[in-house]
Each structure stands twice: as C-alpha cells, then as structure tokens.
Amino acid sequence: MFHTSTQRKYWTFSSELELNAFREVVNSSYIECFRDNFPAKKDVKFLTVEEESRLIEYYEIVLMEVCDKFRPPVPGAVTATAVAYLKRFYLKTSVMDHPPREMFLVFLYMACKVEEHNISVDRFVEILPADRREKTKEFILAHELLLMQRLSFHLTVHNPYRPMEGFIIDIKTRCPNLDDPEKWRTKAEEFLRKALLTNVLLLYSPSQIALAALFNASEGSLACYIENDLGEHNERMLRQINLIIAGVSGQVKPAVSKEHVKSLEQKLKGCRNPENNPDNKLFKKKKADKEQPMDEG
Amino acid sequence: MDDWQTCPRCKTTKYRNPKLKLLVNVCGHKLCETCVETLFTRPSAACPECNTALRRNDFRIQQFEDLIVEKEVDIRKRILKIYNKLEDDFQTASDPLRAYNDYLEEETKKQIDKYKKDNESLIRKNNFKLQRRVEALLLEKQEKNDKKKENEQFLDRLETVAPLPSTEGSKFVYVAPQVENNGPTAPDMEVLASRGYLRHIRSATRAEKAGGFSSELACGRAIQEAFAGLYLGIET
C-alpha cells in the first residue's frame, strides 16, 4: 500500500523548491567536508548544484539505455526502480562524493534484485567490454551496502506501472462507452518513460502519475472518467494531473551534450572525494589488505 | 533420575529401559536382571560393589526404595525362620494369643538385652556421637530456614514496589485494521467477478491458481494500487 509506504513518508516531497534545498545542502556540506579533510588542496573548482544536476540527468539517460541493452530486456519496473534509486541517492549524497559514472550500475543491479528480476552478477557484467567486467563486478558488490545505507534501507519503490494497469481495467469495466484504453497504452508508456527523467517521481504519488499518463494519452477524453468515477476531489485532481503533465512534457530540457558532459567529468576529476576514488592512493590504502583497487569504471 | 532405578553395574535406568528389573541380594546391593545373568553363570559369585560372596538364589526383586529397609526386612524374615513357633504351639496357655505375642516380643527383647550388656560402653559413645550429629543437622536446617525467610521477605518487599501484572483483564477484542488508502475506495475482492472486472484481465493459469494467485488477487491489487494515494496533496 502506497499510503503506508516509506516512499510516501520519506521520499515524496512537496515541491521543487524542497528538492533544490536538499541538493544545495548536499553540495555545500560536501565542499565544507572536503576543505576540512584536505586543507593542503587549494584552488579546487567544485561542481555547482546546477552542474551536479546536469550530470545526474545525463546518467539517468545512460542508465535507461543500458537497461535496453540487456537480452532479454529488463522489465520496465526494474528501470524505473533503478532510476528512482539514482534520484534518491543523489538527494542525500553529492555527485562529487560518489560519481554517477561508477555508481549507476550499482543502482541497476540493486533494482534487479529488489524487483525480483534475477540476474547473477557475473551475467550482469556481460553487457560491459570483457576487460572491465572483473573490476566492475568487484565495485558493484563493494558498494551495494553503501547504496542501501544511503537509501536508509527504503528499497521498495512504488512504480506507476501497476496503477496504470489498474486504471485500464477500471476504465474498461466502469466506462465501457469510452475509447478502448488499449489504444493509449503505447503513448502512456512513453509518457512514463519520459517521467523517469524528471522530478515528478519525487513529488507525486505513482497512481497520480499513472492517471496523468493515461489522461495525456487519451487527449482529454478521460476527463469524464475522472469527474464521475474517482470521488469528489475531481477538480483539484485534474489540476494536479495537469501539473504532472506540465512537469513531464513542458519541462523537457535539451539533452545534455556529450561535450558538456566531458568537460563536467574533467572538472569532477579535480574535486571528487579522493577517498572514494578507486584510482587514488587513499582509496588503495583503505582497501589495500582486502582487495585490488578498481578502475574508474 | 531417581538413583534407585539405576543398575550400578551397567548404568541402565528405568527411563531408558522400562522393562528394567532390579534385584537385591543379602548384602543390600542391587543389580539388574541382565547383569545377574551375565555375572552368575555359576550358582555363586562376588557382589560387584562389596565383594561379598553371593548365591544366585538369594536374589529378590527390590521392594523398597530405601535399601536399609530392604535389608532389615530381609533380616527379620531370616530370624522369623528360626523362631518359628506358631500360634498353635501356645494352645496350652490360658491366653494363647497373648502368650504368642509375648513369645515374639520376648525373643527380641532377650537378644537386645544381651547385646546391650555386651556393648555398653560402645553404645554410650555412639549415642553421644549421634546426638552431636543431630544437633549439627538441626542447626543447618535452622540456617536454611532463616535464609528462606529472608528471601521471601525480600520478594514481598519487591512485590510492594512493583506489583505483578494481574492476569485478570478485559478479553482481547479483534478490531479489523482500517485501510486508509488516501484515494477512492477500491472494490472488494469478492465483487470483482460480479461487477465484471475479471473480464478485462488474463485469467490465472492452473499453476498460478495452485500457488494461491487467483485472478481476483492480481486484478484487485492493480486496482488498489491505482486508487491508493490518488488524493495525495489535493485533500484540504
């Protein structure tokens, strides 16, 4: 039940402003920490909140592309959960602390487990070039616990997919005069996919997002269903749905260009936390007796 | 486990072998039937406890828990075999029963007196020893009692501080959990079929049904999740 879930209690926020406040806190506390721990390093150029968000957005896309590479493909719920982990993780952790370039496969691996899509770690790394497999495998297994801890062990993610099926069944049953909802399915799924790249997941309940996806796909013909069949709050609900649609389609930013990402990655190299950099001496020292340090991934 | 139900030789207990039969010989030591059979292949052998030469025929089933009683009964029986005048032998006396009883008592008395005379000093010494032992025992008992009382008093005091929760109380009443879903009420599982919801989903396969996953379950869950949290952020 979503109502009693940790997702509603801890991971659904009231507004974009609240999310931005979180990101600013994370960014500034990381910079403070870095200055305390490494006073010798001066003239370090840190990423701004805006630049961090750019990188997160870019790796959301990368993550979804990787999901499509699997044969057989991973279910939509796995992708959605992995993206939700990525969003949640970087609300509490700075990109500079644990760069997404290394972490995003950990999100996906954990999502496969939680959504009961069984892929062993050995098969999981087969999507990578052969020379990177062993190191990535070690990295994933070493960072699973860190991820869970940063998510406060709230691993269940309520995705909009099942609610959408529920609405389709309900519409077919209670509004047989409406268009066949099956016609909207492709478009609605496309909508949910786009929604993964926005903050909508952190602001609205999964059922509202699912309804918005169907409403958007039906081009308004669903309005009578919402007005007649979903209780007395229909006006405000329509407003809420329009907010979601605006949040998904109106706000689509131009995809981050590869050159921009490259320059950001370059900048990240200078300001990342050396203790978490697999190539750094500090990291090697930390793990020296346990295992071989990993490639940058 | 009770000590008397164990064979001292093979350590078998009544608990492990309910058919265990313990036998006793004149020396007062016990043996189980199986051990007797293995030891006494000849008519006589030594007691494994005290090395007394025993005859196989003298083994009897143990009747009393206390081996001293057992032994005493044994001795009495033996003496009775010697002083075996019967009641009929006193028919000539004026009161035959009285005479018979006197006879039974007399013989014992005679013997006791004889013994007393023979061992006077030893008896006195031992009596003194016994008295001392009894006194020590009494003292010990007294101490134990004191301790017990102290403990009880301590517990009593505790009880006044934190009384034990009483077992009496109102009976448990089941209250069905209130499902708060923050959205429209989803239809109950029971009415899904009659309202036609199930017509719009793939019906459960045989294997799914066998696992307890009925069509209603899948359909109901989808609709419940669709309605849950639908009013989030729009209620006043």
* Given +1 on the Cβ of Lys and Arg, -1 on the Cβ of Asp and Glu, and no further charges, what dipole in debye does the protein assembly as shown carry about its Cα centre, rounded to the nearest 20? -> 2080
* To do: Give me a single rounded figure for B:179-185: the average over its residues of other chain Cβ atoms within 10 Å of their Cβ.
  => 5
* Structure fact -> Residue-normalised 222 nm signal for chain A, counting each DSSP H run of n ≥ 4 as -39,500 (n - 2.57), nearest 500 deg cm²/dmol, is -19500 deg cm²/dmol
* Asked: On average over all directions, what projected area in square nanometres does chain B have, based on the convex hull of its Cα atoms?
  -> 37.5
* Asked: Over all residues in A:169-178, what is the mean tally of Cβ atoms on other chains that come within 10 Å of each residue's Cβ?
  -> 5
* From other protein chains only, count the Cβ atoms within 10 Å of every residue's Cβ in A:197-210, then give the mean. => 3
* To do: Work out the FRET efficiency for B:Ala176 and A:Leu145 from their Cβ-Cβ distance, taking R0 = 41 Å, and round it to the nearest 0.05.
  => 0.55
* To do: Report the one residue of B:Asn51, B:Val73, B:Ile61 whose Cα lies farthest in the direction of the positive end of the charge dipole of the stretch B:48-89 (charges on C-beta: Lys and Arg +1, Asp and Glu -1; origin at the Cα centre).
  => B:Asn51
* In a Gaussian network model over chain B where Cα atoms closer than 10 Å are linked, find which of B:Gly169, B:Gly196, B:Gly28 has the largest mean-square fluctuation. => B:Gly196
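Can you tell me how the stretch A:49-165 classifies by the Cα gyration tensor, rounded, prolate or oblate, using a/c under 1.5 as the rounded cut?
It is rounded, given that a/c, with a ≥ b ≥ c, falls under 1.5.
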* Quick one: go through the stretch A:96-126 and flag any residue whose amide nitrogen is under 15 Å from the point 7 Å out along the Cα-to-Cβ line of A:Arg133. => A:120-126
* **In degrees, nearest ten, helix A:100-114 long axis to first principal axis of chain A (Cα)** => 50
* To do: Return the sequence-ordered ³J(HN,Hα) values of the stretch A:168-174 in whole Hz as given by the Karplus equation 6.51 cos²θ - 1.76 cosθ + 1.60 applied to θ = phi - 60°, using x for Gly and Pro.
  => 4, 4, 5, 5, 4, 7, 8
* Asked: Mean projection of the alpha-carbon convex hull of the protein assembly as shown over all orientations, in nm²?
  -> 55.5
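Restricting to Cα pairs below 8 Å that are 6+ residues apart, what does the relative contact order work out to for the stretch B:39-191? Please round to a whole percent.
6
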* Structure fact -> What helix-only [θ] at 222 nm does chain B give? Using -39500 (n - 2.57) per DSSP H run of at least 4, over all residues, to the nearest 500, the answer is -15000 deg cm²/dmol
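Laboratory data are not the source of any read-out in this text; all were calculated from the coordinates shown. Note that the coordinates shown come from a computational prediction; the quantities given were computed from them, not determined experimentally. Heads up, the Cβs are rebuilt from the backbone with ideal geometry, glycines too, and the neighbour counts pull from every protein chain shown.
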